[in-house]
Amino acid sequence: MKAIRTYVVKAQLPEALQPLHDIAMNLGWLSDPRVQSLFARLSDDRLGGETLDPIGTLYGASQARLEALAADPTYVAQATELRDSLERSLAMPRWFQIEHHGALQSVAYFSAEFGIAKALPQYSGGLGILAGDHLKAANELGVPLVGIGLKYRHGYFTQSLDHTGWQREFFPDLDPEQMSLREIPGVRIPIQIGGHIVHARAWEARVGRVPLYLLDTDVQENLPADRLITDRLYGGDKEQRIRQELVLGVGGVRLLTELGYEPQVFHMNEGHAAFSALERIRVMMAEHELDFAAALEAIRPATLFTTHTPVPAGIDRFERDLIDRYFAGWCSDVGITLDDFMALGHEPGSPEGAEMNMAVLGLRLAGASNGVAELHGDVSRSMFHSLWPDLPVEEVPIGSVTNGVNARTWVMREMDDLFERHIGADWTESSPDRWASLEAVSDEQLRSIRSAGRDRLVQFARRRVRQSLIAKGVSASEAEWANGILDPNVLTIGFARRFATYKRANLLLQNERRLRDLLRDPDRPVQFIFAGKAHPADDPGKRILQQVAQFALDARNRTRFVYLDDYDIEVGRYLYQGVDVWLNTPRQPMEACGTSGMKVVYNGGLNLSILDGWWAEMYERDLGFSIPTAWWIDDVDSRDAHESKTLFRVLEDTVIPAFHDDDHSILPDGWIDMIRRSMIELGPRVESNRMVRDYVEQYYEPLAGRRQNIHRDLSTVPGELAEWKARVVANWDSLAIIDVTDTAVEDLGGSACDVDVIIDAGRLEPGDFEVQVLHGRVDMEGELSAPTVAIAERDDAVDTDGVHRVRVRSGDTGRHGVAVRVVPAHRDLGHFTALDCVTWAK
């Protein structure tokens with residue numbers, strides 16, 4: 001029978017143990033080994049003596065255990081001292097305070113999901129985990145950042161599989177008190193949604209020194225339908241999604257104002273957060289009496305947009321009637337038509353009635369944009385080339401910052417200790433040269449640590465599978481076989497991620513006979529552990545998951561091929577720490593970054609992956625394994641079949657032999673050497689501290705400086721810039737390049753020529769533009785390769801009007817060429833690509 005009410009029974013925390021509660025309420029301290037050891041004593045059923053869920057452990061402890069620890073003066077003293085030490089650490093200067101003295105004072109980071117800890121299940125997958133690691137790195141580096149998101153009553157979902165292997169979703173009510181959340185008293189944020197006001201309350205989580213604020217509409221003041229806006233992460237239809245994004249964007253900006261924050265940079269993590277820029281435009285207009293164009297110029301320099309989507313199908317889109325329903329009032333407030341607003345989210349040439357593209361909207365509202373890996377930057381520049389049609393695709397203004405992972409969250413205790421001994425206590429922030437000290441680590445140390453991680457994973461998987469079977473109604477005796485699955489001394493390969501079709505979790509299952517041969521090999525066996533969820537509305541993804549689950553439950557396979565359900569941070573940690581090889585099989589180039597493989601690096605695991613995402617830029621032969629891609633095959637099924645065969649060949653001919661010595665023993669010297677090289681070379685490159693340092697130096701600091709410049713006089717500068725832009729756009733077609741000549745000259749610097757460009761400015765002023773000469777080597781088709789850009793200055797000494805001259809030098813031999821273009825120029829423009837105005841010499 002189903003209960004009509006549920007409630008939680010919790011033990012009473014003795015006053016002497018209050019420091020435990022204080023520690024558990026800060027999610028930035030979870031990965032501290034001292035915290036893990038302290039909380040492990042509350043419970044005896046944790047594998048390995050670690051927990052990254054202190055608040056759950058605290059509330060799950062028995063009253064008798066709490067009373068016993070409260071009566072232990074040594075334990076109480078340890079808890080008190082640790083709490084005080086951690087709190088003192090929050091005020092210590094870190095990298096940002098020591099190294100940076102620029103304009104940046106505060107960053108607001110908006111994301112629809114945050115994956116920080118098991119205690120706070122407000123994430124679905126990679127995007128949320130990345131956002132959580134971003135906050136953790138900001139804390140460790142001392143970057144002044146505040147996170148803004150939503151608190152979902154049910155989170156994403158809890159997964160279970162039925163007897164056929166079909167995914168079922170459950171949506172439990174989450175208790176904020178057990179999520180390390182504190183409601184901010186007296187705060188109600190009003191947001192106009194669909195013609196009436198919806199109120200949101202705010203919750204605070206602490207990630208070290210970084211605050212994370214989450215908005216929630218489940219309050220009594222709201223209508224029943226409005227209380228469900230923040231019901232589920234990525235639940236419901238497009239209308240539910242647009243309502244959630246209004247709460248995140250508009251509500252988030254208003255919450256920051258309510259709490260007294262004045263961020264200099266607003267970082268929109270994906271298009272879900274793009275509506276935040278609309279609220280900032282409205283506020284700028286109201287507070288500084290600006291028109292829409294000037295207000296856009298005022299907020300744009302302080303805005304960064306990060307896209308995580310390598311395919312158009314993955315972008316949020318909203319049809320016109322939804323935009324009309326939810327933004328007609330905003331359009332009226334800011335004085336633009338609905339057509340004007342829709343155009344901000346349309347690519348050039350979009351047909352009538354096209355949906356608003358949230359990535360295009362984000363790109364148009366931001367002063368800078370980036371992808372999340374080098375290859376993803378290339379893909380994004382191609383995908384959005386239509387917004388800058390007169391530029392070569394490589395000059396489309398979308399950069400890249402390769403994602404990273406918070407190593408301390410994912411590293412096993414033994415490897416953490418090893419890094420501290422050889423690199424230093426600050427190993428996550430260490431330079432690449434200090435990682436070279438791992439050369440001194442012995443082969444036996446690495447073998448021992450790898451064996452320990454694999455053994456813990458096997459024990460965890462056995463218990464997890466057995467518990468899952470019993471939860472489905474299987475008797476304890478019938479589930480006994482789960483106690484014998486997997487072997488702690490066998491090559492273990494892991495695959496865990498969202499079951500989207502392009503990630504191809506079933507690539508190995510294209511040849512089940514060949515896969516069984518690998519599992520049953522008596523001399524060099526291999527075993528696989530899979531995990532992951534499919535989106536509730538993704539039936540094709542669910543069918544792939546079902547195929548994997550059914551293969552795992554087949555009595556012929558189940559001891560060497562295992563599926564772990566309800567994948568979350570805890571399951572992930574055991575996998576990352578235990579597997580020998582991390583398998584990644586996306587269709588290139590559909591993986592934006594794919595950070596899961598980064599996490600195994602810190603635990604001595606090696607990657608076996610398609611050259612996509614981060615692996616495309618960091619792979620080298622002695623760091624792991626690659627799966628060649630058949631990019632030239634257009635038919636998806638044919639390509640998958642080809643790459644499945646390739647994957648088997650790589651496993652059979654390269655990976656499995658490398659893991660076994662001639663006498664079939666495991667972890668030979670060559671494999672250990674690869675582990676060591678992987679950690680030395682990749683360790684400093686895949687850490688989220690490196691990622692956030694890149695964001696600070698490449699984006700946050702420059703944007704803060706541009707904002708400071710634009711805001712030097714809000715009453716005039718943004719308006720003058722907007723008027724200048726309008727005038728230049730209106731008159732750009734009147735500009736013409738009349739002639740280009742080049743003359744070879746003698747120059748001490750080597751071969752050189754003077755390039756003269758005659759410009760007819762038309763209705764433009766001479767200061768409205770600059771003449772650029774691009775020069776460098778050319779290929780067989782006459783295309784410039786990585787050209788250098790030189791500025792041709794106006795030469796008033798020449799009799800002919802409009803002559804611009806520059807001397808270009810060729811530093812090496814070979815075939816060289818020049819190209820000439822004219823682009824807009826203004827001290828406050830930031831970059832000429834902010835206007836779609838480029839004229840090329842023919």
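Being exposed (fewer than 14 other Cβ atoms within 10 Å of the Cβ) and either assigned to a strand (DSSP E or B) or of a type outside the set (A, V, I, L, M, F, W, C) (or both) is true for just one of G186, G249. Which residue is that? So that I can check it myself, show each step before the final result.
Numbers: G249 fails: exposed (fewer than 14 other Cβ atoms within 10 Å of the Cβ).
Every option except G186 fails the conditions.
Would you check if there is a residue in segment 827-836 being among the aromatic types (F, W, Y) and out of contact with any helix residue (DSSP H, G or I) (no Cβ under 9 Å at 6 or more places or on another chain)?
Taking every residue of segment 827-836 in turn, at least one turns out to be among the aromatic types (F, W, Y) and out of contact with any helix residue (DSSP H, G or I) (no Cβ under 9 Å at 6 or more places or on another chain).
Test V405 against the stated conditions and say whether it is within 17 Å of V823 (Cα to Cα) and open to solvent by less than 10 Å² (accessible area, probe 1.4 Å).
Numbers: within 17 Å of V823 (Cα to Cα): no; open to solvent by less than 10 Å² (accessible area, probe 1.4 Å): yes.
So V405 does not fit the description; no.
Would you call P73 under 24 Å from F266 (Cα atoms), without any contact (Cβ under 8 Å) to a residue 60 or more places away in the chain and surrounded by fewer than 20 Cβ atoms within 10 Å (Cβ to Cβ)?
Values: under 24 Å from F266 (Cα atoms): no; without any contact (Cβ under 8 Å) to a residue 60 or more places away in the chain: yes; surrounded by fewer than 20 Cβ atoms within 10 Å (Cβ to Cβ): yes.
Spelling it out, it is not the case that P73 is under 24 Å from F266 (Cα atoms), without any contact (Cβ under 8 Å) to a residue 60 or more places away in the chain and surrounded by fewer than 20 Cβ atoms within 10 Å (Cβ to Cβ).
Do you know which of the residues in segment 227-242 that are closer than 14 Å to P121 by Cα and touching a Lys or Arg at 6+ places or on another chain (Cβ under 9 Å) is least open to solvent (accessible area, probe 1.4 Å)?
First, pick out the residues of segment 227-242 that are closer than 14 Å to P121 by Cα: 230-234.
If we keep only those that are touching a Lys or Arg at 6+ places or on another chain (Cβ under 9 Å) too, we end up with 230-232, 234.
Details: T230: 2, D231: 24, R232: 88, Y234: 32 Å².
Filtering first and then ranking leaves T230.
Could you run through segment 160-180 and say how many residues are open to solvent by 10 Å² or more (accessible area, probe 1.4 Å), touching a residue at least 12 places away in the same chain (Cβ under 8 Å) and not acidic (D, E)?
11
Among the residues of segment 459-511, count how many are surrounded by fewer than 17 Cβ atoms within 10 Å (Cβ to Cβ) and touching an Asp or Glu at 6+ places or on another chain (Cβ under 7 Å).
Here the count works out to 1.
Here is a yes/no grid of residues against (1) acidic (D, E); (2) within 25 Å of W427 (Cα to Cα); (3) open to solvent by less than 50 Å² (accessible area, probe 1.4 Å):
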residue	(1), (2), (3)
P589	no, no, no
M598	no, yes, yes
Y619	no, yes, no
P668	no, no, yes
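Can you pull out every residue in segment 600-617 that is touching a residue at least 24 places away in the same chain (Cβ under 8 Å) and either open to solvent by 10 Å² or more (accessible area, probe 1.4 Å) or under 13 Å from the mean Cα position of the chain (by Cα) (or both)? Reasoning before the result, please.
Residues of segment 600-617 that are touching a residue at least 24 places away in the same chain (Cβ under 8 Å), as a first pass: 600-610, 612-617.
Of everything in segment 600-617, those that are touching a residue at least 24 places away in the same chain (Cβ under 8 Å) and either open to solvent by 10 Å² or more (accessible area, probe 1.4 Å) or under 13 Å from the mean Cα position of the chain (by Cα) (or both) turn out to be G613, W614, A616, E617.
Could you check, for segment 179-195, whether at least one of its residues is under 21 Å from the mean Cα position of the chain (by Cα), β-branched (V, I, T) and under 30 Å from H711 (Cα atoms)? Give the steps one after another, and end with the answer.
Taking segment 179-195 and keeping what is under 21 Å from the mean Cα position of the chain (by Cα), we get none.
No - not one qualifying residue is present in segment 179-195.
Does L304 satisfy the criteria of being modelled with pLDDT of 95 or more and open to solvent by less than 10 Å² (accessible area, probe 1.4 Å)? Break it down stepwise before answering.
Numbers: modelled with pLDDT of 95 or more: yes; open to solvent by less than 10 Å² (accessible area, probe 1.4 Å): yes.
Judged against the criteria, L304 is a match.
For Q547, are the conditions met, namely being surrounded by 22 or more Cβ atoms within 10 Å (Cβ to Cβ) and outside any loop (DSSP other than H, G, I, E, B)?
Values: surrounded by 22 or more Cβ atoms within 10 Å (Cβ to Cβ): no; outside any loop (DSSP other than H, G, I, E, B): yes.
No: the conditions fail for Q547.
Taking segment 410-427 as the region of interest, how many residues are over 13 Å from V601 (Cα atoms) and either out of contact with any Leu (no Cβ under 9 Å at 6 or more places or on another chain) or of a type outside the set (A, V, I, L, M) (or both)?
Narrowing segment 410-427 to residues over 13 Å from V601 (Cα atoms): 413-414, 417-418, 420-427.
Now drop any that are not either out of contact with any Leu (no Cβ under 9 Å at 6 or more places or on another chain) or of a type outside the set (A, V, I, L, M) (or both), which leaves 413-414, 417, 420-422, 424-427.
Going through segment 410-427 one residue at a time, the tally reaches 10.
With respect to Q220, is the statement that it is in a helix (DSSP H, G or I) and over 18 Å from I299 (Cα atoms) true?
Working: in a helix (DSSP H, G or I): no; over 18 Å from I299 (Cα atoms): yes.
Answer is no for this residue.
Here is a yes/no grid of residues against (1) in a loop (DSSP other than H, G, I, E, B); (2) closer than 13 Å to G683 by Cα; (3) touching a residue at least 40 places away in the same chain (Cβ under 8 Å); (4) basic (K, R):
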site	(1), (2), (3), (4)
M415	no, yes, yes, no
E420	no, no, no, no
T428	no, yes, yes, no
S437	no, yes, no, no
L446	no, no, yes, no
I449	no, no, yes, no
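Test L86 against the criterion of being assigned to a loop (DSSP other than H, G, I, E, B), hydrophobic (A, V, I, L, M, F, W, C) and within 28 Å of V146 (Cα to Cα), and give yes or no.
On the way: assigned to a loop (DSSP other than H, G, I, E, B): no; hydrophobic (A, V, I, L, M, F, W, C): yes; within 28 Å of V146 (Cα to Cα): yes.
Here the answer is no, as L86 does not meet what is asked.
Out of everything in segment 138-159 that is aliphatic (A, V, I, L, M) and farther than 21 Å from G126 by Cα, what residue ends up being surrounded by the fewest Cβ atoms within 10 Å (Cβ to Cβ)? Let's see the steps before the verdict.
Initially, segment 138-159 is screened for residues aliphatic (A, V, I, L, M), giving 138, 141, 143, 145-146, 148, 150.
Subsequent filtering for residues that are farther than 21 Å from G126 by Cα retains 141, 143.
Numbers: L141: 23, V143: 27.
If we take residues in segment 138-159 being aliphatic (A, V, I, L, M) and farther than 21 Å from G126 by Cα, then L141 is surrounded by the fewest Cβ atoms within 10 Å (Cβ to Cβ).
How many residues are touching a residue at least 60 places away in the same chain (Cβ under 8 Å) and either acidic (D, E) or surrounded by fewer than 16 Cβ atoms within 10 Å (Cβ to Cβ) (or both) if we restrict to segment 810-826?
1
Give A103, A108 a once-over and let me know the one that is of a type in the set (A, V, I, L, M) and either within 19 Å of V35 (Cα to Cα) or at pLDDT below 95 (or both). Please lay out each step first, then the result.
Values: A108 fails: either within 19 Å of V35 (Cα to Cα) or at pLDDT below 95 (or both).
Residue meeting the stated conditions: A103.
So, in segment 355-403, exactly how many residues are among the hydroxyl-bearing types (S, T, Y), in contact with a strand residue (DSSP E or B) (Cβ under 6 Å, 6 or more places away or on another chain) and part of a helix (DSSP H, G or I)?
Step one: filter segment 355-403 for residues among the hydroxyl-bearing types (S, T, Y), giving 369, 380, 382, 386, 400, 402.
Applying the additional criterion that residues be in contact with a strand residue (DSSP E or B) (Cβ under 6 Å, 6 or more places away or on another chain) yields 369, 380, 400.
Remaining after also requiring part of a helix (DSSP H, G or I): 380.
Here the count works out to 1.
Name, by its number, the condition in (1) surrounded by fewer than 18 Cβ atoms within 10 Å (Cβ to Cβ); (2) outside any strand (DSSP E or B) that does not hold for C837.
Condition not satisfied by C837: (1).
The values are calculated or read from the model by the stated rules, or taken from the named source; none is laboratory data. Keep in mind the model is a prediction, meaning the values are calculated, not measured. Virtual Cβ from ideal backbone geometry, glycine too; neighbours counted across all protein chains shown. Keep in mind that these areas ignore ligands, DNA and RNA; they rest on the heavy atoms of the full protein, side chains included. Shrake-Rupley method; radii C 1.70, N 1.55, O 1.52, S 1.80 Å.
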